[in-house]
Amino acid sequence: MDLIFRNVRIDDTQPLMDVAVNRGTIIAIEPRIAASAKHEIQGNGKVLIPGFVEGHLHLEKANLMQRRANRSGTLQEAIAVTAELKPTLTRADILQRATQVLRALVQSGSTHVRAHAEFDPAQGFTGLDVVLELREKLRHIIDIQVVAFPQEGILKLPGMREMMTEAMERGADVVGGIPYNDLSPLEHIDFVFDLAKRYGKDIDLHQDFADNADNMTVEYLARKTLDEGYQGRVCVGHLTSLGALEPERQAPIIRLLRDAQISVMCLPATDLHLGARGDRHNVRRALTPVRALRDGGVNVCLATNNIRNAFTPFGTGDLLDIAQLALPACHLGGADDQATVLAMLTGNPAKALGLNNHGLAPGKDADLVLLDCLAVSDIILDLPTRLMVFKRGNLVATSQCQRSIVF
Ligand SMILES: [Zn+2]
């Protein structure tokens with residue numbers, strides 16, 4: 001046996017457990033495992049969880065905030081400012097910033113990330129290629145799923161249809177899209193489905209990102225998902241327009257999302273920053289309705305989206321920061337609600353990304369994080385130090401926790 005964690009807390013309602021790992025896989029979880037292992041870690045009652053899954057992140061445009069400001073704080077200016085910068089970004093620059101972000105992710109306990117990597121005729125494939133390169137280079141440290149992401153639209157840019165196909169040929173894992181930023185959102189969705197079916201890939205769209213519900217296309221997307229037999233293979237990020245609908249109009253859409261098994265990524269850092277910029281007073285939150293989606297049976301996740309750029313000029317890459325932001329912003333702070341939040345960073349995004357080997361159970365990958373807290377329910381409140389992070393049984397990050405107290 002390669003590794004045993006002794007006396008770790010994996011469930012607040014069960015006794016402390018030993019967790020045994022061999023060849024990168026969890027092979028046993030029992031109160032006392034008699035066998036010994038090459039490496040034994042004394043948990044002393046600390047919490048062990050499966051790695052966080054960052055379900056929606058932009059690596060190649062992270063940490064660009066200092067280069068050009070988004071003065072209005074709107075989505076439109078964020079897109080415009082970033083579009084100006086993109087053609088100036090070199091491979092070395094993108095590699096350096098993306099690596100910096102991935103290090104922060106691993107250090108804070110993420111073992112998987114879905115990266116939306118963008119390209120267009122003005123900037124070419126430099127960003128996508130760097131992210132694909134990092135996927136291979138860091139495979140033993142963090143799993144990266146690469147989404148082919150057309151931030152500037154598909155139909156409105158000559159040559160972009162061909163670039164979407166080329167991105168899949170270059171090795172993208174998922175077909176991305178952004179229906180609200182194109183000439184015809186419905187044709188955009190149709191194009192994405194055609195491409196996904198051709199390559200046998202899943203779909204992940206930036207969807208219905210507005211303060212109002214005027215131009216929603218998620219119902220079309222959900223019906224298309226059902227028609228194409230793509231249930232469980234489609235994710236959407238943002239979906240803030242859904243939050244602008246009154247409950248009577250929201251409910252049938254939520255049922256449709258549930259039936260189509262579409263996963264929803266709530267991106268609170270970006271959406272709170274960019275949303276409702278037109279409100280002069282009593283400013284709206286402009287977020288997707290996380291609780292209504294959850295209660296309606298939709299797989300809902302929390303994700304980072306952007307770090308320190310024109311879309312989100314702050315952030316650390318730590319998913320627990322996003323959870324803490326979501327507690328008040330999404331009204332998830334109530335005692336019953338709190339218990340549902342950790343899954344929005346672990347099991348729910350794992351399901352959204354199709355990670356069948358993720359989880360804390362025999363047979364699953366040993367992608368594990370040992371935390372400096374004693375109860376699972378404390379994780380989203382304590383934001384505990386991530387003491388040790390393991391990728392398929394190998395230690396990939398450690399952090400020290402030093403405390404001193406004078407009374
Ligand atoms: Zn995004």
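The values are calculated or read from the model by the stated rules, or taken from the named source; none is laboratory data. Keep in mind the model is a prediction, meaning the values are calculated, not measured. Neighbour counts run over all protein chains shown; Cβ positions are idealised from the backbone, glycine included. Just the protein is used for accessible areas: all its heavy atoms, side chains included, with ligands, DNA and RNA removed. Shrake-Rupley method; radii C 1.70, N 1.55, O 1.52, S 1.80 Å.
Couple of notes before you dig in:
- Residue in region 210-220 that is of a type outside the set (D, E, K, R), under 27 Å from Arg91 (Cα atoms) and open to solvent by less than 40 Å² (accessible area, probe 1.4 Å) present: no
- Some residue of region 57-70 being at positive phi, open to solvent by 10 Å² or more (accessible area, probe 1.4 Å) and in the same structural domain as Ala343 (by TED's automatic domain parsing): yes
- Taking each residue of region 36-56 that is farther than 23 Å from Asp143 by Cα and hydrophobic (A, V, I, L, M, F, W, C) and looking for partners that are buried (at least 21 other Cβ atoms within 10 Å of the Cβ) and modelled with pLDDT under 95 with beta-carbon atoms closer than 8 Å, six or more apart or interchain, yields nothing.
- Residue under evaluation Val21, criteria (1) part of a loop (DSSP other than H, G, I, E, B); (2) open to solvent by less than 40 Å² (accessible area, probe 1.4 Å), criterion not met: (1)
- Residues (open to solvent by 20 Å² or more (accessible area, probe 1.4 Å), away from the ligand (no atom under 16 Å from the Cβ) and more than 19 Å from Leu102 (Cβ to Cβ)) located in region 297-324: Gly297, Asn299, Gln324
- Considering only residues in region 111-161 that are closer than 29 Å to Gly51 by Cα, acidic (Asp, Glu) and not in a helix (DSSP H, G or I), the one that is nearest to the ligand (Cβ to nearest atom) turns out to be Glu118.
- Only one entry of Arg68, Arg6 meets the criterion of being touching a strand residue (DSSP E or B) at 6+ places or on another chain (Cβ under 6 Å) and among the basic types (Lys, Arg), and that entry is Arg6.
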